[in-house]
Amino acid sequence: MCPLRHSGSQRIATRSDRHGGPVIERIAFWSARHAKTAVIGWFGLVGAAFLAGQLLGTQSLPQYDPGQAGQGERFLHELNVTTPPAESVLIQSRGPGADRLTFANDPQMRQAVRQVTAALDRLHSAAMDVSAPSLAVSRPTAKPNSTACGGKTTGNPVCSAGTSAAVASSLVSADGRSVLVTFRVAGPHAEVNSTVAADQAAVARVQAAHPDLLVAEAGGASASAAGNSLLESDFRRAEFSSVPITLILLLVVFGALIAAGIPVLLAGSAVAATISLLAIPSRWLPIRSGTAEIVLILGMAVGVDYSLFYLRREREERAAGRSPADALRVAAATSGRAIVISGLTVMISLAGLFLSGIILFTGMAFGTITVVGVAVAGSLTVLPGLLSMLGDWADRGRIPFLGRHRTEARPSRLWAALVRRVVRHPLAWGGAAAIAMLALAAPVLGMRLGNPIVNLPGNVVVAQTLDKISAAFPGRPAPAEVVVTGQDLAGARVRAALAALQKRALTSGPIRAPITVTPVASGRGLIVDVPLAGNGSNSVSTNALLTLRNQVLPQTLGKVSGVSFAVTGDTAINHDWSTTLRARTPIVFGVVAGLAFVVLMIAFRSVTLPLVSVVLNLLSVGVAYGVITLIFQDGRLQGLLGFTSNGAIAQWVPLFMFVFLFGLSMDYHVFILSRIRERCVRGMRTADAVTSGIAASAGVVTSAAVIMVAVFSIFATLSFVDVKTLGIGLALAVFIDATVVRGILVPAAMALLGERIWYLPRWLGWLPGR
């Protein structure tokens, strides 16, 4: 017999004191008795949150990358310096005989270079520091670039005529068939996306005049503008798709329009309130636009889940003959309690993002934790009020052909039959399922993490142009930026250190020429651009970066007292993200799993049951990792899903998948285990309680899982490979958790352990929960 029997939880069905009992039941009873106050108060709070958000407005705080790259960004921010994004215009022959035409013998190419340069020179508010091959430019570009040298060409060993000549000659490809015109986007950094559009329009006019040439612009600003536009379009499509799909599936679940609308209403109001309230933490945390999209997806998922759990339990109790008031009380004592436990585990999982070391993730963590907390609060307060106010009206608006009793939660014969077989032969069923899941998880052992410098789909024009530039000018990554601060930066010791740095730059070494120095902030800082070997994202570039950071700079600028420096730039940012995530991810895993174990131990008064739940959750996450490795790293299903593999998984995806999945999977574990525990409390043997509990919860868990899988699957239709990866991984893990884990592994583990599943050491007998 279950050791939990005869505990105080038996009061669920027998208590007559309507004003006592646990706080969750008291809240539900008050909400049911004061339904209008509860409902009006809830939507009043949502409206107040919306108004507060509109009045306060979301601030845009500076966001720094981790590690030394972020330190360099802080130096620039303290100096009030914004590095203008670099852009390039690629010019190539593509007409008849293009393979024989070069910059030296093609007048049309030289004319296009002159026209591009002149057009950009005229855009003083949009383009600056225009550089082009000297043979194609009417002005003498072989002179030192005075902007890059801070207006001085003497007394600086780096700013020399040789440097400018090297810059100009590097703008013609080795075969002479490709030319670059480079420039920086002028104007305020906050307006760079709109400013670069003027540059692109000028380049497009030159392209229109030369149909036999390719004249295309690409760079940091144009790639960012294209990516932001595409991401915004993708998420808008996901938003518009997720709500109708959720509502349609809820109509199938409940068979009644009003009942189906209640979860959408609750989840939508929780999301609206949270997004508005994000204006408050934006005063001290970086809240980006992507945070709102993640809040929407996660808020709809948990809000609908919690409403489903509550609604189906209330309908089940009413179908069993209880009065509406008693049905609400039982729903609060059972599903309400499960919602609180589940919400806590989800929030603990999401809090793991605070430990990631990535400042961008802190804003996302705050937003997602808030929306889960708001959804839990709404489920415990306004939901009982709505159900009390609507009464039988909740079943109105029935959908034809879906039956008159869709809102009743009946035990599933199919799941009951499966679980009975599993309980009779737990080792065979559980062993087979575990082996299959371990086989699916095995590819994770070969998972490679990495981010391309340009993370754009291949069908985007800017991405195609960047690929062409990379092919024509191999080994031309964005340079490392060494941000130097301190005193007497124009002094002899600093000049000597820069000269020594210049001598270390070799055409065949890890750091390359030309090295350029730009004084900034009235001489209070220097930006030293150091080209690196490799393509900017491969191991060659990483090794070059480490050589620069650990050897070259300490032996040059590092010997000058009173001078500080930090290396940033695309390669540095990519490396520091990887290093930080590799170091912090095990900490996140350990802390999240440990805290979830503690919450479940208190909730179920057992050390064995939480341990089983944590292990099974980790197994589900492992399966998701294995499958995304097969699909997105190894390139399976590229044609079906519409992507091109870059041979690695985006660095941030595994961490996000873990915190999301560990929390969301606990929804099902907590709800199922709560139903099993109820039956143990009433005196059932654990084996019988497992069969009955899973069969009774099958309908609501299946419904919730189908909705969540459908919503996450929308991500597979979006443009970015990393977003596709996240969506496929989440959808697959939720599906496996709601089927294989719920139907086979949970009952097999509980049947094998028997009454030991409820084991709690005597020295932990003081824990609450009876």
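The values are calculated or read from the model by the stated rules, or taken from the named source; none is laboratory data. Nothing here was measured: the structure is a model prediction, and the numbers come from that model. Positions of Cβ are generated from backbone atoms using ideal geometry, with glycine treated the same way; all protein chains shown enter the neighbour counts.
Mind checking which residues of segment 739-761 are under 20 Å from residue 622 (Cα atoms) and surrounded by fewer than 18 Cβ atoms within 10 Å (Cβ to Cβ)? The answer is 739, and nothing else. For segment 42-64, which positions are in a helix (DSSP H, G or I) and either closer than 30 Å to residue 191 by Cα or without any contact (Cβ under 8 Å) to a residue 40 or more places away in the chain (or both)? Residues satisfying the conditions are 44, 47, 48, 49, 50, 51, 52, 53, 54, 55, 56. Could you figure out which of (1) of a type outside the set (Asp, Glu); (2) farther than 30 Å from residue 355 by Cα; (3) surrounded by fewer than 21 Cβ atoms within 10 Å (Cβ to Cβ) isn't true of residue 651? So residue 651 meets the others, but not (2).
One line per residue, one yes/no per condition, for (1) of a type in the set (Lys, Arg); (2) farther than 30 Å from residue 617 by Cβ; (3) surrounded by fewer than 20 Cβ atoms within 10 Å (Cβ to Cβ):
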| site | (1), (2), (3) |
| --- | --- |
| 540 | no, yes, yes |
| 548 | no, yes, no |
| 551 | no, yes, yes |
| 562 | no, yes, yes |
| 565 | no, yes, no |
| 580 | no, no, yes |
| 583 | no, no, yes |
| 588 | no, no, no |
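Filtering 229, 222 for residues that are hydroxyl-bearing (Ser, Thr, Tyr), farther than 30 Å from residue 706 by Cβ, assigned to a helix (DSSP H, G or I) and touching a strand residue (DSSP E or B) at 6+ places or on another chain (Cβ under 9 Å) leaves a single hit, 222. Whether a residue is among the small types (Gly, Ala, Ser), in contact with a Pro (Cβ under 7 Å, 6 or more places away or on another chain) and surrounded by fewer than 24 Cβ atoms within 10 Å (Cβ to Cβ) was assessed, and residue 695 passes this test. Selection over segment 476-508 of residues that are surrounded by 17 or more Cβ atoms within 10 Å (Cβ to Cβ), at pLDDT 85 or above and of a type in the set (A, V, I, L, M, F, W, C) gives a count of 9. Screening residue 446 on (1) buried (at least 16 other Cβ atoms within 10 Å of the Cβ); (2) at pLDDT 85 or above shows it passes everything except condition (1).
When we screen 336, 367 for residues that are in contact with an Asp or Glu (Cβ under 8 Å, 6 or more places away or on another chain), of a type outside the set (Phe, Trp, Tyr) and crowded, with 24+ Cβ neighbours inside 10 Å, the only hit is 336.
When you scan segment 533-541, do you find a residue that is within 35 Å of the chain's Cα centre (by Cα), among the hydrophobic types (A, V, I, L, M, F, W, C) and under 21 Å from residue 647 (Cβ atoms), even just one? Yes, segment 533-541 has at least one match.
Put simply, of 76, 90 the only residue that is part of a strand (DSSP E or B) and either on the phi > 0 side of the Ramachandran plot or modelled with pLDDT of 85 or more (or both) is 90.
Filter segment 204-219 down to residues that are out of contact with any helix residue (DSSP H, G or I) (no Cβ under 9 Å at 6 or more places or on another chain) and in a helix (DSSP H, G or I) and give me whichever is nearest to residue 267 (Cα to Cα). Applying the filter and picking the extreme gives 204. Any idea how many residues of segment 181-214 are buried (at least 18 other Cβ atoms within 10 Å of the Cβ), within 35 Å of the chain's Cα centre (by Cα) and among the aliphatic types (A, V, I, L, M)? Qualifying residue count for the region: 5. Among residues belonging to segment 405-424 that are under 12 Å from residue 692 (Cα atoms) and assigned to a loop (DSSP other than H, G, I, E, B), point out the one that is modelled with the lowest pLDDT. Filtering segment 405-424 for residues that are under 12 Å from residue 692 (Cα atoms) and assigned to a loop (DSSP other than H, G, I, E, B), the one modelled with the lowest pLDDT comes out as 410. Among the residues of segment 739-762, those that are farther than 19 Å from residue 301 by Cβ and among the β-branched types (Val, Ile, Thr) comprise 740, 744, 746, 757.
Mind listing whichever residues of segment 189-203 are of a type outside the set (S, T, N, Q) and touching a helix residue (DSSP H, G or I) at 6+ places or on another chain (Cβ under 8 Å)? Passing the criteria: 192, 196, 197, 199, 202, 203.
Quick check on segment 706-762: of everything there that is within 24 Å of residue 449 (Cα to Cα), of a type outside the set (A, V, I, L, M, F, W, C) and in a helix (DSSP H, G or I), which residue is modelled with the lowest pLDDT? Going through the qualifying residues, I end up with 717. Can we say residue 293 is on the phi < 0 side of the Ramachandran plot, among the acidic types (Asp, Glu), surrounded by fewer than 23 Cβ atoms within 10 Å (Cβ to Cβ) and assigned by TED's automatic domain parsing to the domain that holds residue 51? Yes: the conditions hold for residue 293. The helices (runs of 4 or more DSSP H) found wholly in segment 284-354 include none carrying at least 2 residues that are at pLDDT 85 or above, charged (D, E, K, R) and under 29 Å from the mean Cα position of the chain (by Cα). Taking the numbered list (1) surrounded by 20 or more Cβ atoms within 10 Å (Cβ to Cβ); (2) in contact (Cβ under 8 Å) with a residue 24 or more places away in the chain in turn, residue 260 passes all entries but (2). Filter segment 538-594 down to the residues that are acidic (Asp, Glu) and modelled with pLDDT of 90 or more and list them by number. Once the filter is applied, which keeps residues that are acidic (Asp, Glu) and modelled with pLDDT of 90 or more, segment 538-594 yields only 576. In segment 457-469, the condition of being touching a residue at least 24 places away in the same chain (Cβ under 8 Å), assigned to a strand (DSSP E or B) and out of contact with any Leu (no Cβ under 7 Å at 6 or more places or on another chain) is met by no residue.
Kindly check whether there is at least one residue in segment 290-311 that is touching a Ser or Thr at 6+ places or on another chain (Cβ under 7 Å), over 21 Å from residue 246 (Cβ atoms) and in contact (Cβ under 8 Å) with a residue 24 or more places away in the chain. Within segment 290-311, none of the residues are touching a Ser or Thr at 6+ places or on another chain (Cβ under 7 Å), over 21 Å from residue 246 (Cβ atoms) and in contact (Cβ under 8 Å) with a residue 24 or more places away in the chain.
Restricting 736, 676 to those that are closer than 30 Å to residue 296 by Cα and either crowded, with 24+ Cβ neighbours inside 10 Å or of a type outside the set (Asp, Glu) (or both) reduces the list to 736.
Every residue, every condition in (1) within 30 Å of residue 364 (Cβ to Cβ); (2) modelled with pLDDT under 90, yes or no:
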position	(1), (2)
25	no, yes
28	no, yes
34	no, yes
43	yes, no
46	yes, no
50	yes, yes
53	yes, yes
62	yes, yes
66	yes, yes
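The residue list 733, 748, 689, 738 contains one member that is over 30 Å from residue 629 (Cα atoms) and among the small types (Gly, Ala, Ser), which is 689.
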